[in-house]
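This report concerns only the one structure given below.
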Amino acid sequence: MKDVEIIKARNVLSSRARTNLAKRLRVAAYCRVSTDSEDQLNSYKSQVQHYTDLIKSKSEWDLAGIYADEAITGTQVTKREDFQRLINDCMNGDVDMIITKSISRFARNTLDTLKYVRMLKEKGIAEEVIGVDNSENNRNKALELKLVDRFEELHQAVKDADLIVLATPVDSIPMLAVKALNLVNEKQVVIDMGSTKQELSEIISQHPRRGRFVATHPMWGTEYSGPEAAKHGAFIGRTVVICDHELSDPDALALVEWIYNTIGMPIKYMSSEEQDTHTAYVSHISHITSFALALTVLEKEREEEHIFDLAGGGFESTVRLAKSSPDTWIPIFKQNKYNVLDVLREHIHQLQIFRRMIERDDTEGLRSMMLRANSIKRILK
């Protein structure tokens with residue numbers, strides 16, 4: 001019983017946890033043996049006695065309980081009654097710290113381990129977020145807003161992280177993905193949040209650690225960028241696309257699926273090619289249209305200074321995306337060039353039809369076009 005791993009707070013504690021810590025830590029121990037052999041049961045009894053004595057020997061600790069399961073496999077947490085009781089007590093705020101002989105006692109399944117440790121962290125044990133950013137202004141603002149705990153260079157950040165998230169303009173993601181995969185081990189996972197996937201998929205396809213990468217695209221964003229644009233709870237209920245999931249290692253994919261499910265994001269599975277085609281229609285073309293409409297109105301403003309005074313909510317919502325950063329969207333248009341051009345051709349064609357019908361005072365033609373367009377209500381309610 002020499003090696004004891006402690007699952008405890010790092011930097012940030014909830015107000016309730018701070019109060020408890022200022023007094024005395026309520027410490028629980030978890031013990032488990034996986035077989036019913038006499039030796040293992042003796043080990044089980046020894047663990048119980050050891051932790052009881054250990055906790056009582058610390059003047060700053062109070063014994064919150066010894067939780068122990070006999071002869072239950074470590075990979076099936078639902079069958080471990082005391083383990084489940086321990087988790088519930090932690091979630092209820094009755095336990096400040098857990099000690100266990102090794103993390104395999106806690107859960108042999110990696111995903112279960114991450115799941116339960118993170119659940120506990122949400123109840124007062126902070127999960128550390130390490131940032132990497134070239135901009136000093138972004139770094140300072142992110143720290144000020146408490147979006148990250150610290151910043152490091154890429155190699156150090158990857159070394160210290162379990163999950164590496166690439167959230168940069170899409171033209172830099174492929175090379176960042178290669179750099180990250182060069183640095184990760186067989187336990188770490190790399191994901192991206194980019195809007196285009198085909199070029200990324202091709203570049204990393206032959207990497208020996210390709211399986212540690214999971215390509216994802218959360219279908220949410222605003223016209224704003226930078227740390228100030230971060231919005232708590234923004235992804236809840238929003239769809240996320242996971243691309244080429246069959247190319248990711250099962251444990252890496254399972255972890256990412258669990259993260260998005262925990263956030264509350266419905267998952268759709270597509271190939272990189274399908275993803276790029278669909279996003280050209282539902283996302284990329286709307287940005288081009290918004291940019292073009294904003295330019296049209298800005299040209300008109302030279303002749304009519306009051307046009308913005310008369311603009312209502314419909315106009316504002318239509319051109320909202322025109323406030324998006326060129327540094328974000330130019331790389332997207334370039335990487336998804338052929339799909340964007342295909343959608344743009346169809347969009348221009350539909351505009352030309354509207355123009356001809358208006359020129360001809362074709363009331364029935366316009367009505368027919370608009371009623372067809374109204375059918376989008378079946379999809380977007």
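The values are calculated or read from the model by the stated rules, or taken from the named source; none is laboratory data. This one's a predicted model, so the numbers in the text were calculated from it and none came from an experiment. In this analysis, Cβ positions are derived from the backbone assuming ideal geometry, glycine residues included, and neighbour counts consider all displayed protein chains.
Which one is nearest to the chain's Cα centre (by Cα), of the residues in region 130-149 that are surrounded by 15 or more Cβ atoms within 10 Å (Cβ to Cβ) and farther than 16 Å from Thr168 by Cβ?
Checking each candidate, the answer is Asp149.
Can you spot a residue in region 217-239 that is over 18 Å from the mean Cα position of the chain (by Cα) and at pLDDT 90 or above? Give the steps one after another, and end with the answer.
Filtering region 217-239 down to residues over 18 Å from the mean Cα position of the chain (by Cα) leaves 223-224.
Add one more test, that the residue is at pLDDT 90 or above, and what stays is none.
For region 217-239, residues over 18 Å from the mean Cα position of the chain (by Cα) and at pLDDT 90 or above: absent.
Going by the structure shown, is Arg238 buried (at least 17 other Cβ atoms within 10 Å of the Cβ) and of a type in the set (Lys, Arg)?
For Arg238, the condition - buried (at least 17 other Cβ atoms within 10 Å of the Cβ) and of a type in the set (Lys, Arg) - is not met.
If Asp327 satisfies every condition in (1) part of a loop (DSSP other than H, G, I, E, B); (2) of a type in the set (D, E, K, R); (3) at pLDDT 85 or above but one, which is the exception?
(1)
Given the residues Lys268, Lys197, Lys159, which is the only one that is surrounded by 14 or more Cβ atoms within 10 Å (Cβ to Cβ), touching a residue at least 60 places away in the same chain (Cβ under 8 Å) and of a type in the set (Lys, Arg)?
Step by step, each of Lys268, Lys197, Lys159 is checked, and only Lys197 is surrounded by 14 or more Cβ atoms within 10 Å (Cβ to Cβ), touching a residue at least 60 places away in the same chain (Cβ under 8 Å) and of a type in the set (Lys, Arg).
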